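Below is one structure; the comments refer to it alone.
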Amino acid sequence: MASAASPTALVIEEQVARIRRAQVETEKFVAEQKKLMAEAAKLERDRTLAPWQIVATTVAATAALIGGTAAVVKIFFP
């Protein structure tokens, strides 16, 4: 009787092991997908902010040029 139950138990254990492996694979896939989604969101945010970054840099450069010009004018034309 023990030998008759043993093959059934082995089949069930094999199915349980296969299911657990599938769950681990699924968890890995979901983790990778979340990572890629976070990276895509970051790239989208960077793409959205890029024009504003250019504007801010241009304003800062213009202010520096105006300040430098004012300093030169003050030195040479007192």
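Side notes on the structure shown:
- You will find that of Thr62, Thr8, Thr69, the residue that is among the hydroxyl-bearing types (Ser, Thr, Tyr) and under 40 Å from the mean Cα position of the chain (by Cα) is Thr62 and no other.
- Applying the condition of being open to solvent by less than 100 Å² (accessible area, probe 1.4 Å) and acidic (Asp, Glu) to region 16-71 and asking which residue is modelled with the highest pLDDT yields Glu39.
The values are calculated or read from the model by the stated rules, or taken from the named source; none is laboratory data. The structure displayed is predicted, hence computed values, not measured ones. Side chains included, ligands, DNA and RNA excluded: accessible areas come from the protein's heavy atoms. Shrake-Rupley method; radii C 1.70, N 1.55, O 1.52, S 1.80 Å.
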